[in-house]
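Student: Take a look at the following structure, please.
The numbers here are math on the coordinates, done by the rules we state, and not lab data. On a predicted model such as this, the values are computed, not experimentally measured, just so you know. Cβ placement follows ideal geometry from the backbone for every residue including glycine, while neighbour counts extend to all protein chains displayed.
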Amino acid sequence: MPPSSPHHVLLLGGHGKIAQLLTPLLLRRGWDVTSVIRSEEQVPTIRGLAEDGEGDGKLSVLVRSLEEVKSEGDAKRVVEEVGGDYVVWSAGAGGKGGSERTYAIDRDAAIHFIRAAAAGPQVTRFLMVSYLGSRRAAPAWWSADAWAAAQHVNERVLPHYYRAKLAADEVLYSVSKASGGAFVGINLRPGTLTLDPAGRVELGKTGDSAGKVSRESVARVADLLLASEGIKNTWLDLLDGEEEVEGAVERVVREGVDAAEGEEIF
């Protein structure tokens with residue numbers, strides 16, 4: 001069941017494909033959204049996301065370069081300026097600008113925002129969009145081949161992205177764990193993203209380290225997780241699968257599923 005009161009979501013990386021699919025879903029709940037984007041040229045696209053008029057939520061746009069967030073203080077100023085109580089991180093360097101830019105955004109800026117959000121009493125939920133292979137240890141529910149495939153991607157194909165995302169994921173989990181439930185870290189970890197329509201999913205502890213998932217499904221799951229009562233600090237892997245989205249979200253929240261199991265931070 002969704003929380004009864006409306007919320008204000010600070011959406012970091014608002015011009016990304018998942019963020020653009022998520023924004024209307026949040027607005028339809030009657031929640032306000034402040035979408036943080038990097039350039040004025042992106043403003044018309046974001047404002048257009050509210051043109052269908054569905055829902056009572058208000059959409060605001062804030063132009064800020066996440067690459068220029070160099071400290072927790074920089075992030076805190078954005079968090080305080082917006083004043084939201086939920087934060088979504090759907091930003092990233094996207095492989096552009098080399099490894100330095102990847103670390104600057106996917107690791108450093110993300111961690112600054114996590115710590116800034118957790119430092120004050122206002123933000124109570126932080127949803128991070130990460131990826132399924134972001135982990136240090138082989139999970140018990142994967143085969144040896146599945147773990148080997150994940151390691152190949154992490155160490156050979158996307159080593160800088162892997163290290164950056166893992167660092168941010170671990171900080172979110174640890175900070176949330178230390179809060180005693182006052183600050184809930186939700187780490188949503190999709191497989192290879194597609195532009196296919198949303199469909200059924202496999203959510204929680206997936207049977208494999210590889211697979212695809214629709215960006216639209218990622219947005220739907222993120223929306224439902226943010227609105228779920230009783231959600232706790234967790235990692236949730238996501239692939240296309242056989243379960244209806246609503247049922248999958250209800251199940252993982254009810255059962256307390258956490259794919260961080262097996263990690264040192266767990």
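Student: Which shape class, rounded, prolate or oblate, goes with the chain when its Cα gyration tensor gives a ≥ b ≥ c as root eigenvalues, a/c under 1.5 marks rounded, and past that a/b bigger than b/c marks prolate? Please list the in-between numbers first.
Tutor: Working: a/c = 1.39, a/b = 1.22, b/c = 1.14.
Here the chain falls in the rounded category.
Student: Give the lysines reachable from LYS17 as a straight Cα distance under 27 Å; neighbours fewer than 8 places away on the same chain don't count.
Tutor: In chain and number order, the partners are LYS58, LYS70, LYS76, LYS96, LYS165, LYS205, LYS212, LYS232.
Student: Of ALA219, LEU27, ALA148, which is farthest along the charge dipole of the chain in the positive direction, counting Lys and Arg as +1 and Asp and Glu as -1 at C-beta?
Tutor: ALA148
Student: Sticking with this one: Pull up all non-local amide H partners of VAL184: gap of 5 or more, or a different chain, and H-to-H distance under 5 Å with H placed in the peptide plane.
Tutor: ARG125, PHE126
Student: Once you keep just the Cα pairs under 8 angstrom separated by 6 or more residues, what percentage relative contact order results for segment 8-255?
Tutor: On the way: 502 pairs, mean separation 43.8, N = 248.
For segment 8-255, the relative contact order is 18 percent.
Student: Calculate how many DSSP beta bridges within segment 123-266 are antiparallel, expressed in % of all such bridges and rounded to the nearest 5.
Tutor: Roughly 30 percent of the DSSP beta bridges within segment 123-266 come out antiparallel.
Student: Calculate, for GLU100 and ARG64, the FRET efficiency according to 1/(1 + (r/R0)^6) with r their C-beta to C-beta distance and R0 30 Å; round to the nearest 0.05.
Tutor: Numbers: r = 19 Å, r/R0 = 0.65.
Using R0 = 30 Å, I get an efficiency of 0.95.
Student: If you average the C-alpha positions of segment 209-258 and of segment 136-186 separately, how far apart do those two centres end up, in angstrom?
Tutor: Computed from Cα coordinates, the inter-centre distance equals 17 Å.
Student: Taking H as built 1.01 Å from N, whose amide H comes closer than 5 Å to the amide H of SER60, not counting residues under 5 places away?
Tutor: For SER60, the qualifying residues are VAL33, THR34, SER35.
Student: Provide the per-residue ³J(HN,Hα) series for segment 151-165, in order, calculated from phi with Karplus coefficients 6.51, -1.76, 1.60 and θ = phi - 60°, each as a whole number of Hz, with x at glycine and proline positions.
Tutor: 5, 4, 5, 5, 9, 10, 8, 10, x, 6, 4, 4, 5, 5, 5
Student: Sticking with this structure for a sec: Run the helix sum for the chain: -39,500 (n - 2.57) per DSSP H stretch of 4+ residues, divided by residue count, reported at 222 nm to the nearest 500 deg cm²/dmol. Write down the numbers at each step before the final one.
Tutor: Numbers: 9 runs with 95 residues, N = 266.
Calculated at 222 nm, the ellipticity per residue is -10500 deg cm²/dmol.
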